[in-house]
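A.B. asks: Please read through the structure below; I'll follow up with questions.
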Amino acid sequence: LERVARKMMGMSGADLRNLCNEAALIATREGKNRVEQSDFDAAADRVLLGLKREEKYGDEEKKRTAYHEAGHALCGWLEPKADPLTRVSIIPRGRTGGVTMFEPNEDRIDHSLSELQAQLVMTLGGRAADMIVFGEPMSGAIGDITHATKVARKMVANFGMSDRLGPVYFRFGEDHVFLGKEIHEGRDFSEGTARIIDEEIQRIVTAALQKAEELLKANRADLDRIAEALLVHEELDREEVEKVLKG
C-alpha cells in the first residue's frame with residue numbers, strides 16, 4: 001500500500017473516510033469479498049482527481065493533451081532537482097483533461113533556488129510542448145501558468161531570491177486556509193518596487209519556459225515517444241515511462 005499511502009499524505013480525516021468508503025464500493029462493484037490495493041488506488045484517484053468523465057476526446061484534443069502532459073513528464077524527468085515522476089495520464093477526470101503527478105519529499109520543508117527553478121521548468125513543460133508541437137499557446141495551460149506565477153512571486157517577494165531586490169520580504173495578500181481564497185492586505189512597498197517585482201516575476205517565469213523549450217527541442221524524439229505511448233495506453237507510471245524512453 002506504499003503508493004496509496006503517498007497519495008494519502010495531507011488528506012483530512014474526512015478525505016480518508018471517503019477514501020475507505022470509495023475503495024469498499026469499488027471492491028463491491030467488482031464482486032470482491034475484500035478490499036485490495038488496486039481498490040484503494042482507484043479510490044485515491046477518485047478522491048484526489050475526481051471521477052472519470054464520460055465524454056470522449058476528439059482525436060485532435062487527445063493529441064494535444066498527450067503532448068501537453070508528455071511535456072510536463074519529460075521536463076520533470078530531465079530536471080535532476082525536480083520531484084520524481086510517479087504517473088502521467090490523459091484520462092479526463094473532474095475538470096482536468098490530463099494530469100502528470102510527481103512525488104514531493106514530505107520530509108523537506110525548505111526549497112533551494114535551483115529546486116524551485118526546476119519545479120517551474122516542469123510546470124511549464126506543457127506550455128513548451130504546445131508551442132513546439134502545435135506552434136501556438138493553448139488555453140488549457142491556465143492552471144500551469146497560475147501556479148508558476150504564484151511560485152515565482154513567492155521567490156521574489158517572500159524568499160529573497162531576486163538579485164535586484166535582495167533578501168527583503170514584501171507583503172502581499174495571503175491564501176486563507178479556511179476560506180480557500182486570497183485575503184488582500186495593504187502592501188508595504190512603493191509603486192516603483194511593485195514594478196520591479198512584476199518584472200522579476202516575468203523574468204523568472206519566462207526563463208523557466210525557455211529552459212523547458214530547450215529541453216524538449218533537444219529531446220524531441222523522447223517527447224514524441226511519451227506522447228505516442230499515452231495515445232495508446234492513456235496512462236503510464238514511472239517504470240513504464242522509463243521503458244518508453246529506453247525504446
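A.B. asks: In this structure, does residue 203 turn out to be farther than 17 Å from residue 132 by Cβ, at pLDDT below 95 and open to solvent by 30 Å² or more (accessible area, probe 1.4 Å)? Walk me through it before giving the result.
C.D. replies: Numbers: farther than 17 Å from residue 132 by Cβ: yes; at pLDDT below 95: no; open to solvent by 30 Å² or more (accessible area, probe 1.4 Å): yes.
So residue 203 does not fit the description; no.
A.B. asks: Hey, could you check region 72-85 for residues that are over 11 Å from the mean Cα position of the chain (by Cα) and not hydrophobic (A, V, I, L, M, F, W, C) and say which is nearest to residue 112 (Cα to Cα)?
C.D. replies: 81
A.B. asks: A further question on this structure: Name the residue, out of 94, 31, that is on the phi > 0 side of the Ramachandran plot, open to solvent by 20 Å² or more (accessible area, probe 1.4 Å) and at pLDDT below 75. Full working, then the answer.
C.D. replies: Numbers: 31 fails: at pLDDT below 75.
After applying the criteria, what remains is 94.
A.B. asks: Same structure again: Quick one: in region 107-131, which of the residues that are touching a Lys or Arg at 6+ places or on another chain (Cβ under 6 Å) and within 17 Å of residue 74 (Cα to Cα) is most open to solvent (accessible area, probe 1.4 Å)? Steps first, answer last, please.
C.D. replies: The first filter runs over region 107-131 and keeps only residues touching a Lys or Arg at 6+ places or on another chain (Cβ under 6 Å), leaving 114-115, 118, 121.
Checking which are within 17 Å of residue 74 (Cα to Cα) leaves us with 115, 118, 121.
On the way: 115: 44, 118: 1, 121: 7 Å².
Among those residues, the one meeting the criterion is 115.
A.B. asks: With respect to the numbered conditions (1) at pLDDT below 90; (2) crowded, with 19+ Cβ neighbours inside 10 Å, which one is the sole condition not fulfilled by residue 77?
C.D. replies: Unmet condition: (1).
A.B. asks: Need the failing condition index for residue 169 against (1) in a helix (DSSP H, G or I); (2) modelled with pLDDT under 95, just the number.
C.D. replies: (1)
A.B. asks: Being in contact (Cβ under 8 Å) with a residue 60 or more places away in the chain, closer than 19 Å to residue 153 by Cβ and surrounded by 13 or more Cβ atoms within 10 Å (Cβ to Cβ) narrows it down to one of 208, 227, so name that one. If you could, list the steps in order and put the result at the bottom.
C.D. replies: Numbers: 227 fails: closer than 19 Å to residue 153 by Cβ.
It is 208.
The values are calculated or read from the model by the stated rules, or taken from the named source; none is laboratory data. Please read these numbers as outputs of a predicted model, since none were measured by experiment. Cβ: placed from backbone, ideal geometry, glycine included. Neighbour counts: every protein chain shown. Just the protein is used for accessible areas: all its heavy atoms, side chains included, with ligands, DNA and RNA removed. Shrake-Rupley method; radii C 1.70, N 1.55, O 1.52, S 1.80 Å.
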